[in-house]
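Some notes on the structure that comes next.
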Amino acid sequence: MEALLALAKTFLLTIRDVLPIAAILFGFQVFVLRRPIPHLRRVLVGFAFVLIGLALFLEGLEEALFPLGRLMAEQLTHPALIGGVSAAETLTWGDYYWVYLFAAAIGFSTTVAEPALIAVAMKAHSVSGGTVGVWGLRVAVAIGVAIGIALGAFRIVTGTPLHWYIISGYILVMIQTLFAPRMIIALAFDSGGVTTSTVTVPLVAALGLGLASAIPGRSPILDGFGLIAFASLFPMMTVMAYAQISEWRARRHVRKSHQD
Amino acid sequence: MKKLILDMFRSVRESVRDLMPIIVVVAFFQLVVLQQPLPNLGKILYGTVMVVLGLTFFIRGLEMGLFPIGETMAHGFARKGSLFWLLLFAFALGFSTTVAEPALIAIADEAAKVAADGGMIENTDASRQGYAFGLRLTVALSVGAAIVLGVIRIIKGWPIQWFILGGYIGVVVMTVFAPPEIIGIAYDSGGVTTSTVTVPLVTALGVGLASSIKGRNPMIDGFGLIAFASLTPMIFVMGYGMVI
């Protein structure tokens, strides 16, 4: 009964979040474009599916994944696990290897399950005529998030300023833009923004705040934030790299078949 | 009927595959690294089943509802040929989807606490709430403006990298002048503005526009709206931190 109530509440909250969007869509369609929506029934069923899906998804995450993930982030950053009996002050950044591994693993796995990324990958696949693979793009983005979160955890441990990382990242992205295939550039920039939504943000935020409060000398306010910024920066690089590698392989393939 | 069931079965299997990495990671760290049993196994199984079902329904609904309506409207606006209504629609979409975004509400409250602790505003409930609401409004305005700018870019076919470069320079310049307490929050706010419902809609709008305007390539010109929507909030939030 309790579970049912919780589900109903999530469902209502989801409706509240989606309602303004639906109002704008249908308002403009009816009053400005003044055209009937083709396959209206199908579209409405689709909207209902999106609502039901989101509510179930969020409630399931809240029931199963988030409490466990938050608990694990807390335990993994606890000095007792990292240093055994030694005091937290004597630990160096190298002692936190489980934290980096956890950061990378949780970044990768939550990104693969991110619904917004699945949507963009499906669209990119159909628009590119199959050149951009759904699975390839998602794995490329997930690797980027994994690198980003692990590096972000390293930054919190060492206490180095956030903006130096971000600015160097920006410079790298800009240099890569000069060499990447033109068709991937906009998609690569987009993939920075889609990685961080429903699944990734709560877990990653818990990891950052847990880490910042467990390490002596870090303040959760000054150092706990910033992991999400890392998670949106690195996918741009990995997606462009993915395109560069596929282009290079395709070219080599063509050359090979010419020789035969 | 048989086809429908088979279809549904395949989607469920795909959702399970999407969630497999999380299950493996959580199990490995819990059992091998932390060496603790999984608490509330029944609850976890129940939650996992819901997540799988939820993902399946969401993807289905995406293909049936969100993608088609985004594209239909993009074609509709292109046919109507009124720039004013298109831009108004773009702004409304960006603003309305952001202002009520739960992740943004959470981050705005956090920022208000930071500002009160740092002595930038009075440490009362009223001033904190006012600060948080102002921040939400700022971010929502910035996302609305970003979508408008992005739509203009698609229509004109301007290369995206110049805009991104300009945005990056803006972020870097603002970082120099903004109070240090706001920087982490500002950088994170770029990531939280794009929600699960907004992304498919905005993507479909961009791609739909680019494919209905002559001379635009949906792959080169159609994407990029989300990139704009995650870049502008960083600049605006730091600006807000400086002004207040």
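The values are calculated or read from the model by the stated rules, or taken from the named source; none is laboratory data. These numbers come from a predicted model, not from an experiment. We place every Cβ from the backbone using ideal geometry, glycine too, and count neighbours over all the protein chains shown. Accessible surface is based on the protein model in full, side chains and every heavy atom, while ligands, DNA and RNA are left aside. Shrake-Rupley method; radii C 1.70, N 1.55, O 1.52, S 1.80 Å.
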Burial-style ranking of B:206-216, A:15-25, B:29-39, average other-beta-carbon count within 10 Å with highest first, yields B:206-216, A:15-25, B:29-39
Between B:G224 and residues 5 or more places away or on another chain, the pairs with built amide H atoms under 5 Å apart involve A:D190
Rounded to the nearest 20 debye, dipole of chain A from Cβ charges on Lys, Arg, Asp, Glu
1240 debye
Over 32 Å between Cα atoms: which of A:K123/B:K43; A:K123/B:K80; A:K123/B:K156; B:K113/B:K156; A:K9/B:K113 fall into that group?
A:K123/B:K43; B:K113/B:K156
Cα gyration tensor shape for chain B, rounded if a/c is under 1.5, else prolate or oblate:
oblate
Heavy-atom accessible surface that A and B bury in contact, both chains counted, 1.4 Å, Å² to 100
8200 Å²
Distance from the Cα centre of region A:121-182 to that of region B:112-154, in angstrom?
27 Å
Counting partner chain Cβ atoms within 10 Å of every residue's Cβ in B:26-37, what's the average?
4
Output the Kirkwood hydrodynamic radius of region B:132-181, Cα pairs only, in Å rounded to one decimal.
12.6 Å
At 4 °C in a medium of viscosity 1.567 mPa s, the protein assembly as shown has a Stokes-Einstein diffusion coefficient, with Rh taken as the Kirkwood radius over alpha carbon pairs, in µm² per second, of 56 µm²/s
Send over the per residue convex hull volume for chain A, Cα only, as a whole number of Å³.
200 Å³
Accessible surface of region B:138-190, 1.4 Å probe, proportion on carbon and sulfur as whole %:
79 percent
State the percentage of accessible surface on region B:63-112 attributable to carbon and sulfur atoms; use a 1.4 Å probe and exclude ligands, DNA and RNA.
67 percent
Taking the convex hull of Cα positions in region A:21-169, its mean projected area over all directions (nm²)
13.5 nm²
The summed charge of the B:L201 Cβ neighbourhood (under 15 Å; Lys/Arg +1, Asp/Glu -1) stands at -4
Mind checking A:180-186 for the average number of partner chain beta-carbons within 10 Å of each residue's beta-carbon?
6
If the only charges are +1 at each Lys and Arg Cβ and -1 at each Asp and Glu Cβ, what is the size of the charge dipole of chain B around the Cα centre, to the nearest 20 debye?
1060 debye
Specify, per residue and in Å³, the volume enclosed by the convex hull of the alpha carbon atoms belonging to region B:96-175.
97 Å³
On average, how much accessible surface per residue is there in chain B, in Å², for a 1.4 Å probe, leaving out ligands, DNA and RNA?
42 Å²
Using only DSSP helix segments of four residues or longer, with each worth -39500 (n - 2.57), what per-residue ellipticity at 222 nm results for the protein assembly as shown after dividing by its residue count and rounding to 500?
-26500 deg cm²/dmol
Number of partner chain Cβ atoms within 10 Å, mean per residue of A:157-165
2
Surface share of carbon and sulfur [accessible, 1.4 angstrom probe, percent] for chain A:
69 percent
Between beta-carbons, use under 15 Å as the cut-off and find the net charge around A:L71, counting Lys and Arg +1, Asp and Glu -1.
-1
